[in-house]
1. Please find, within the range A:98-110, the residue that is surrounded by the most Cβ atoms within 10 Å (Cβ to Cβ) out of those that are within 11 Å of chain B (Cβ to nearest Cβ) and either under 29 Å from residue A:225 (Cα atoms) or in contact with a strand residue (DSSP E or B) (Cβ under 8 Å, 6 or more places away or on another chain) (or both).
2. Select from the range B:185-201 the residues that are surrounded by fewer than 17 Cβ atoms within 10 Å (Cβ to Cβ) and within 15 Å of residue B:175 (Cα to Cα) and list them in ascending order.
3. If you check residue A:154 against the conditions, is it on the phi > 0 side of the Ramachandran plot and in the same structural domain as residue A:301 (by TED's automatic domain parsing)?
4. Select from the range B:221-230 the residues that are buried (at least 23 other Cβ atoms within 10 Å of the Cβ) and facing chain A (nearest Cβ under 7 Å) and write down the one among them that is farthest from residue B:149 (Cα to Cα).
5. In the range A:213-236, which residues are touching a residue at least 12 places away in the same chain (Cβ under 8 Å) and not in a loop (DSSP other than H, G, I, E, B)?
6. Filter the range B:240-266 for residues that are within 8 Å of another protein chain (Cβ to nearest Cβ), free of Cβ contacts under 8 Å to residues at least 60 places away in the same chain and part of a helix (DSSP H, G or I); which is nearest to residue A:156 (Cα to Cα)?
């Protein structure tokens, strides 16, 4: 029996090391488990790490607008990094970059990603925001359902994940002004013979569940996930059978694998273009059906005061609109400028 | 019976009937094992051909995979194995402890303990695992307990599987004949001695196959832990890389192969433990 206990004890220690070491995502880090042991103990604790000694100089060059850093903003500047949640499912918004190398001098804890390990429009915007706050940006890839539920228990600071501003969400999040507007569109399979949106009346359409695309397809502008009805450019056809999937990428995958339950799906035009490049046999049906405003979300339930962070981020977003940074990023990732507010 | 050797005048030990029978039985088992092995290899080859993308005669089709993608991203996906194993093993240990306590609690005559174990089993089995993970990750901090993504996951998995496994252990304990307990009492053993030295060893023997099942299921449920964002295990890496390059099928197949290997290893240990526990019966 004693041998059994020793065996179990050894396995427990081994698995603790494995689970802790495996937190780093680059191959280089996982090849050296021996050197990871000291950091494992540190990161087993809650996510906040010690403040770096260079904090004072960073804070001095941090904010462009003379906002007094207090509450969460002060904490972020003291710790030296901004922890951003992003939903890593969508090319070109936010996706893992397996060719990126994690910088060795990063302040990011070992269980989160650096901006080098991810790529996309949202990632670049998050990195730029961190720069304007004078800190490094670290990314955490939380499940979208957990991000949109709010009450993040202070586990991360902000969400830069193309979150659409909806009435339901405004109750639990503080949103900055939108950093871009995503045109939504409908994609149909090439062999469906559908040439205009009204021909979809009575037909099945696939959407990501609980998205504004689902609200549009169900013709339900009062749904908490819906964008305001006055930003709908095209009225949804009557009596479409709405088929929700966990994400709209599942709709594209289903079509790519040849499934025939539906021949149309609704999502952002950027995702449709990306799907077409990746070989999904669809075309976009006409122009955008609506423009959704996407903004940065901050949890209202954060234990620290978020007012100075929100106003600083708002100033940063405004500056990024005015000096053309957002337009440049939009052109880079979407080949079109989506950052202009609808007139 | 004289063997041919003695007829020729050379002295040799006589082989008894029993030994000849035993050797014949061994040969039969060996043949059985070899045929099973060959069948396994044939089935494996059929599966590999199915995914090889080659053109077969008779117009049969096979599935084409992007091997370049597999080669480029194998390392990235494989680096999640350590985390998956780590989470699984920690959860298994926690689940086994809780299952044993809950099963014993069910047999208790002390009302609060009986109530606690039945309440635990009912509540945890009746609610989704994702909700439990969510609770430990985001709701506990409101009570002042802050757990990292990894530890919320281990706790949620351990608690969840502990509840299911407690029923397995309970049925194992119940299957030990009443006569055993009576005999132990007659010998003057205390209840805890009876449990430790008579009932549990016999109960565990019946509990091992279903428990092994639960362990294998748990290695796949460990994928849920990456929903917290701070853990990047095997399934997370496979789905994210698959989504990034629109090669979900290839990426998930890589993950599937690794999960299968882990399952094979667990099954091997399970059969070894089963053999050890049924030593008394052979």
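The values are calculated or read from the model by the stated rules, or taken from the named source; none is laboratory data. This one's a predicted model, so the numbers in the text were calculated from it and none came from an experiment. Don't worry about glycine lacking a Cβ; one is built from the backbone with ideal geometry, like all the others, and counts go over all protein chains shown.
1. A:109
2. The one that is surrounded by fewer than 17 Cβ atoms within 10 Å (Cβ to Cβ) and within 15 Å of residue B:175 (Cα to Cα): B:201.
3. So residue A:154 fits the description; yes.
4. Checked the range B:221-230; the qualifying residue farthest from residue B:149 (Cα to Cα) is B:229.
5. A:213, A:214, A:215, A:216, A:217, A:231, A:232
6. B:240
Conditions (1) at pLDDT 90 or above; (2) under 30 Å from residue B:245 (Cβ atoms), marked per residue:
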| residue | (1), (2) |
| --- | --- |
| B:68 | no, yes |
| B:72 | no, yes |
| B:86 | yes, yes |
| B:101 | yes, no |
| B:105 | yes, no |
| B:115 | yes, no |
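Residue-wise test of (1) outside any loop (DSSP other than H, G, I, E, B); (2) in contact with a helix residue (DSSP H, G or I) (Cβ under 9 Å, 6 or more places away or on another chain).
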{"residue": "A:244", "(1), (2)": "yes, yes"}
{"residue": "A:252", "(1), (2)": "yes, yes"}
{"residue": "A:272", "(1), (2)": "yes, yes"}
{"residue": "A:288", "(1), (2)": "no, yes"}
{"residue": "A:297", "(1), (2)": "yes, yes"}
{"residue": "A:308", "(1), (2)": "yes, yes"}
{"residue": "A:314", "(1), (2)": "yes, no"}
{"residue": "A:318", "(1), (2)": "yes, no"}
{"residue": "A:341", "(1), (2)": "no, yes"}
